[in-house]
Amino acid sequence: MSSRDHTSHRDDVGAYLLGALTDLERQAFERHLAGCPECRDEVERLRPAAAALPRSVEQVKPPPGLKASLMEVVEREARERSGTPAPRRWRRSLPRLAFPRPLLVGVALALGLLVGIVVADEDPRTEVASVDERRVPGASARLQIEDDGENGAILRLQGMRQLELGRVYQAWVERDGEIVPAPTFEVGRDGRGAVAIPDDLSDADAVMVTRERRGGARAPSERPLLVVRL
C-alpha cells in the first residue's frame, strides 16, 4: 500500500469512530486496519474520546435545516480544496452521517478528549481490577468511575497482549446476576488500551473483560480475564 493510501485511511480514523463512513468506506478502512498497527493504535487512543461524546452534552433535537447547513459548509470546503464540485456521495450518504468530515470530526474528537481531561480533573473514583495472572500475566487495569457511575466509566489497561487477527477484547457489565455486553477494544503494541463504558454503573456489580471475535458477542465465550468489583 502506498503512503498516500495510508494517509487517506489514517484521516478516516475519526470518521470511523463516529460512524461517519459509508458501508463501503468502513469495509475498506477495516481491511486496512487489520494490517496497520499505526492506525489500530490511533483508533484505540481516540476510542474513549469518541465514546464519551454522547455523554458530554445534553441530548437535544437538532433544529430543522441544521444538517443541510452543515453539509453546505462541508461541500464548500471540498470545492475550495479541490477546485471541483463536491462529490455526490456527500448528499447520498447524508442520512448516515453523524458528523461531517473531516473538519467537524476532528473538532468532535477534540471535544471528547477535552471532556476526558475535565473528568480527570474532577478526581473520579478509581477501582483496581482483579486479574487472572495465569492467562494475562503482568496485566493490570483500573476503572475510573464518573459521578458515582451514573455517567459511566473508563477502563484503562496495561500489560495486555495484542490479540491475533479477528479477535478483540470486550468489556461486560454485570448487574443483578445478568451480564450485558459493553464496547469492544484493542490494545497497542505497548500493551496499553482503554475502553469507555457508557452504561449507568451506579447499580452495577462488576465490569469484566473477555476475548471475543471481532464485532463482539452477546454473551461471554470464556471466563473473564479481569474483573472490577463495584
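List of remarks:
- G152 closer than 19 Å to R45 by Cβ and in contact (Cβ under 8 Å) with a residue 40 or more places away in the chain: yes
- The residues in the range 171-191 that are loosely packed, with under 14 Cβ neighbours inside 10 Å and under 16 Å from R40 (Cα atoms) can be counted, and the count is 2.
- Filter result (loosely packed, with under 15 Cβ neighbours inside 10 Å, of a type in the set (D, E) and assigned to a loop (DSSP other than H, G, I, E, B)) within the range 133-170: E133, E150, E164
- All positions within the range 179-189 that are under 14 Å from the mean Cα position of the chain (by Cα) and part of a strand (DSSP E or B): A182, P183, T184, F185
- Residue check for S140: in contact (Cβ under 8 Å) with a residue 60 or more places away in the chain and small (G, A, S): no
- Pairs where the first residue, in the range 194-214, is under 22 Å from D132 (Cβ atoms) and the second is assigned to a loop (DSSP other than H, G, I, E, B) and among the acidic types (D, E), C-beta under 6 Å, 6+ apart: T210/E222
- The one condition from (1) at pLDDT 90 or above; (2) in contact with a Phe, Trp or Tyr (Cβ under 6 Å, 6 or more places away or on another chain) that G191 does not meet is (2).
- Residues that are part of a loop (DSSP other than H, G, I, E, B) and either among the charged types (D, E, K, R) or buried (at least 21 other Cβ atoms within 10 Å of the Cβ) (or both) within the range 205-223 comprise D205, R214, R218, E222, R223, listed in sequence order.
- Residue match in the range 168-178 (condition: among the polar types (S, T, N, Q), under 14 Å from the mean Cα position of the chain (by Cα) and within 18 Å of V136 (Cβ to Cβ)): yes
The values are calculated or read from the model by the stated rules, or taken from the named source; none is laboratory data. These figures come from a predicted structure and were not determined experimentally. Using ideal geometry, Cβ is built from the backbone for each residue, glycine included, and neighbour counts are taken over all protein chains shown.
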